[in-house]
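Peer 1: Structure in structure tokens, see below.
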Amino acid sequence: MNFFVNVDLSNASSGIEHSEIKRLRLFQKYNQPAKIITTYYRNNWAAGPGKFGVQMDEIINIFDYFGDNDNDFYRSNTIEEYCQRNHYIQQRYLGQDKDEFGYLVYTNNGQQALVRTYVSNQQVSSVAFAPIGSQKPVYGEAYDGRGFLSSKYYYDQNGHAKKQDILNTKGETFCTQVFKDSNSVALYKLRFRGQKYNFRDLRDFQALFFDSLNRDYGESNLFISDRVECTEGLTHMQTPAKKVVYIHNQFGGNPRTSPLTGGLNFNYRFALEHAELFDWLICPSQFEAEEINQRFQIADKVIAIPGGTAQTDMPQLTMKERDRYQIMMVARISGEKQVPQAIKILQQVRQQVPQAHLDIFGGVTEQKEYEQVKSLIGTNNLRHAVKIRGIIPNLDAEYDQAGLLLLTSISEGFPLTFLEATSHGLPLVAYDCRYGPRDIIRDGKNGYLIHQDDQKTAATKIIKMMSDEKLQQQLSEGSYQTAQRFDDEHIWKLWQSVI
């Protein structure tokens, strides 16, 4: 079995999770059994996989596994049903906070309770009990989205959680976490398969999970860590297994300085400094693999395998079938994506090509950056020329509509949007950041590689393209050809040395 190790699948906007899912599908296509395993407690974790099209039998959560939960369990647990079942009085609706509704409830023992329910399915998510008139909880409950009580929280006199009991679908407590403070656990107590365990180290707690799965599937299985929170746990395993770390992002700590001499990205520091503990370190870019080896001299451990694949069976559209003047950008609004620079580039382009417009697809992860983007749009009178489209799960139709793809990042790992764009024949214009663009872009063949932060040259290249439909068509054809270098067959061959 091939296990892809993550914390959970709740972050639908993360490229890491999308890359992991693409790997899962690639392995399945070539008849290699694979599952995603997750190591965090989330009372609504089971709702996450569906956002990615992942089925419940394709994923194993550590607490579902240790608790031997019934995968088919479901019970309706709305606010009305919860109050009726417990003989509580629903007092009033308190409003909506993000993806939850809040209600004030009075219990039958002189307490009040704040009950939260999921907006998506109306199921109760959590309950915090406190003396009437007090804001400090004394006891709390968390309900799994499938309808069962999944944990109980016990608080000290200051309202800080001191202990958490985790329950299974049978209502049995199988795990207890004793908190050292609000940010760390001092002790894990576990009952699993007739034995009792006490762990003071999260890595050992995770390792029992990994070792048990490894034994269940005959040992010597492959474990690929996609998140730093899981990496060290693999090194605490006692059973024989292949251990791999996938380096999704730039390994350097500061994108403005050379990773050959500067600090390291904390997500990958442990793996890079203890490479001997792993069978492979995989990164998506050949350029990054070369620089990792140049710094650490571990060529026998580092291999480059892109985090996704390109499709070569898409209908090939001509520029006459597209909006040639639409610039597409697929990036969350955050500092490293430098979306404000894309706005400034568009402003320069429109001075000579007034039809040019920009559509931005992605979530907002930094509010300050978002405010700057909105300010630039407003002060430069670009409201009709820039659309912030948010997260759209399937962008196929958008790729087929656009005239080119723009990327202004200061740092990448290997942008999946490039593989998607080449599948749809979009010319690429991107800064030559670490890493990814130079692995894909062939300057003048499928787009243009721009020196970092050179907005003027980026605008000039886009103007050149939009002013010459024949050139734009040639670059589009080059992009379709690029997809063949990254199709399933080529990427799968790279995985052979690992599996």
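Peer 1: Given the options PHE101, PHE129, name the one that is under 29 Å from the mean Cα position of the chain (by Cα), farther than 30 Å from GLY194 by Cα and surrounded by 16 or more Cβ atoms within 10 Å (Cβ to Cβ).
Peer 2: Criteria check complete, one pass: PHE101.
Peer 1: ASP57: surrounded by fewer than 18 Cβ atoms within 10 Å (Cβ to Cβ) and assigned to a loop (DSSP other than H, G, I, E, B), yes or no?
Peer 2: Details: surrounded by fewer than 18 Cβ atoms within 10 Å (Cβ to Cβ): yes; assigned to a loop (DSSP other than H, G, I, E, B): no.
So ASP57 does not fit the description; no.
Peer 1: Which of the numbered conditions does PHE414 fail, given that it passes all the others? Conditions: (1) out of contact with any strand residue (DSSP E or B) (no Cβ under 7 Å at 6 or more places or on another chain); (2) without any contact (Cβ under 8 Å) to a residue 60 or more places away in the chain.
Peer 2: Failed condition: (2).
Peer 1: Out of (1) buried (at least 19 other Cβ atoms within 10 Å of the Cβ); (2) in a helix (DSSP H, G or I), the odd one out for ILE282 is which?
Peer 2: (2)
Peer 1: Hey, does the range 65-88 have a residue that's closer than 24 Å to VAL245 by Cα and among the small types (Gly, Ala, Ser)?
Peer 2: Looking through the range 65-88, none of the residues is closer than 24 Å to VAL245 by Cα and among the small types (Gly, Ala, Ser).
Peer 1: Closer than 17 Å to ARG85 by Cα, buried (at least 17 other Cβ atoms within 10 Å of the Cβ), free of Cβ contacts under 8 Å to residues at least 24 places away in the same chain and of a type in the set (A, V, I, L, M, F, W, C) - does that describe any residue in the range 109-123?
Peer 2: yes
Peer 1: Provide a single number: the residues in the range 285-314 that are farther than 22 Å from PRO437 by Cα and in a helix (DSSP H, G or I).
Peer 2: Matching residues across the range 285-314 total 1.
Peer 1: Residues LEU346, LEU407, LEU395: which one is buried (at least 19 other Cβ atoms within 10 Å of the Cβ), in the same structural domain as GLU420 (by TED's automatic domain parsing) and farther than 27 Å from ALA310 by Cα? Give the steps one after another, and end with the answer.
Peer 2: Numbers: LEU407 fails: farther than 27 Å from ALA310 by Cα; LEU395 fails: farther than 27 Å from ALA310 by Cα.
Of LEU346, LEU407, LEU395, the one residue that is buried (at least 19 other Cβ atoms within 10 Å of the Cβ), in the same structural domain as GLU420 (by TED's automatic domain parsing) and farther than 27 Å from ALA310 by Cα is LEU346.
For (1) of a type outside the set (A, V, I, L, M, F, W, C); (2) touching a Ser or Thr at 6+ places or on another chain (Cβ under 6 Å), each residue gets a yes or a no:
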site	(1), (2)
PRO284	yes, no
GLU321	yes, no
TYR325	yes, no
MET328	no, no
GLY335	yes, no
ALA342	no, yes
GLN347	yes, no
PHE361	no, no
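Peer 1: Is one or more of the residues making up the range 351-374 assigned by TED's automatic domain parsing to the domain that holds GLY436, in contact with a Leu (Cβ under 7 Å, 6 or more places away or on another chain), within 24 Å of ASP468 (Cα to Cα) and not small (Gly, Ala, Ser)?
Peer 2: Yes, there is a match, as at least one residue in the range 351-374 is assigned by TED's automatic domain parsing to the domain that holds GLY436, in contact with a Leu (Cβ under 7 Å, 6 or more places away or on another chain), within 24 Å of ASP468 (Cα to Cα) and not small (Gly, Ala, Ser).
The values are calculated or read from the model by the stated rules, or taken from the named source; none is laboratory data. What you see is a predicted model; the values in this text were computed from it and never measured. Neighbour counts are summed over all protein chains in view; Cβ atoms, including those assigned to glycine, are modelled from backbone coordinates with ideal geometry.
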